[in-house]
């Protein structure tokens, strides 16, 4: 299998996603070819640093790259003003320049905050993403979305800043907890649901091999998602045409649930997305878009995989308003209305700009 996927963008900004097992040499080759005289900043978290930072530092030092590291605490709470300031102050103290390179080594949190810092430092520094979680390898590291969370909601501060390359090293997935791995699977499922029923049927037959990290099936699924994301980003880089917004299937509900729970680790991002996907299908059924069979099939697949479809496993006292109010701050909102990605059927998603408050609360009631 060819291990490269290209994201096509204008103005010489196209870049490659390189997928493989233990493929750090591909990164070094790319740096030698393009950034021989550049300083390298590595941004990572304290969990990933213990596992993979040393081998990356050794590879850079062996090839005579001047480098330094910035380590933040692991977890969604680090995607904040506090750590954004820590990162940008450290980059400036180390005199990072526009022709230098930032490497983000970590999951979605590290990639989002490092990408945001790279985009604003000196009005734009090169960044290469080295995603270490499944959720980042198939989704968040691709496409240039960056950001941090605020008390008003998730990812409300950020910019589009495309990487120069994405290195997907599947070796990193071996050390993921089962919950973190399944969180990534929720994003894989999302791609099948928005535009590829054949992929969904393949997942129904092969999900066990993916979860057990069988190389052939795992790399096939990752590449499938990367191709889908690359094509969508190439056509609609900044969500202007409406195609890229489809990637938010399950996320409007999911982000609201995360916000209501104050980003507590009791619920992983992918788990929230899984619940959000279920609710999107519930809403679609209520609006006469998809069939009950579609909803049951999606719910059964989520349960078979081991992902939640409700909040029964969490002790909470959330009200419907606790879940609804964060949606009013969703960054995709248009003309004062919350945009929902709904399902016409499995493999066919569409945006709906006219969902009423009553329709949303009727679905949210299923979680209370």
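Structural remarks
- Spans of helices (runs of 4 or more DSSP H) in the range 238-312 with at least 1 residues more than 19 Å from the chain's Cα centre (by Cα), closer than 20 Å to residue 323 by Cα and assigned by TED's automatic domain parsing to the domain that holds residue 359: 251-260, 269-286
- Residues in the range 12-36 that are free of Cβ contacts under 8 Å to residues at least 40 places away in the same chain and under 17 Å from residue 100 (Cβ atoms): 28, 32, 33, 36.
- Summed over the range 62-88, the residues that are over 30 Å from residue 177 (Cβ atoms) and loosely packed, with under 12 Cβ neighbours inside 10 Å give a count of 2.
- Residues (assigned to a strand (DSSP E or B) and either in contact with a helix residue (DSSP H, G or I) (Cβ under 7 Å, 6 or more places away or on another chain) or under 20 Å from residue 140 (Cα atoms) (or both)) located in the range 34-84: 40, 41, 42, 43, 44, 45, 67, 69, 70, 71, 72
- Tally, over the range 330-342, of residues that are surrounded by fewer than 15 Cβ atoms within 10 Å (Cβ to Cβ) and modelled with pLDDT of 95 or more: 0
Yes/no per residue for (1) modelled with pLDDT under 95; (2) surrounded by fewer than 17 Cβ atoms within 10 Å (Cβ to Cβ); (3) in the same structural domain as residue 158 (by TED's automatic domain parsing); (4) not in a loop (DSSP other than H, G, I, E, B):
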| residue | (1), (2), (3), (4) |
| --- | --- |
| 315 | yes, yes, no, no |
| 318 | yes, yes, no, no |
| 328 | yes, yes, no, yes |
| 344 | no, yes, no, yes |
| 349 | no, no, no, yes |
| 354 | yes, yes, no, no |
| 363 | no, no, no, yes |
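- From 259, 248, residue being buried (at least 20 other Cβ atoms within 10 Å of the Cβ), farther than 18 Å from residue 136 by Cα and in contact with a strand residue (DSSP E or B) (Cβ under 7 Å, 6 or more places away or on another chain): 259
- Residues being assigned to a strand (DSSP E or B) and closer than 28 Å to residue 203 by Cβ - total across the range 330-342: 3
- Residue match in the range 286-307 (condition: under 28 Å from residue 156 (Cα atoms) and either touching a residue at least 40 places away in the same chain (Cβ under 8 Å) or in contact with a helix residue (DSSP H, G or I) (Cβ under 7 Å, 6 or more places away or on another chain) (or both)): yes
The values are calculated or read from the model by the stated rules, or taken from the named source; none is laboratory data. Predicted model only: the values in this text are computed from it and were never measured. Note that each Cβ is placed from the backbone with ideal geometry, even for glycine, and that neighbours are counted across all protein chains shown.
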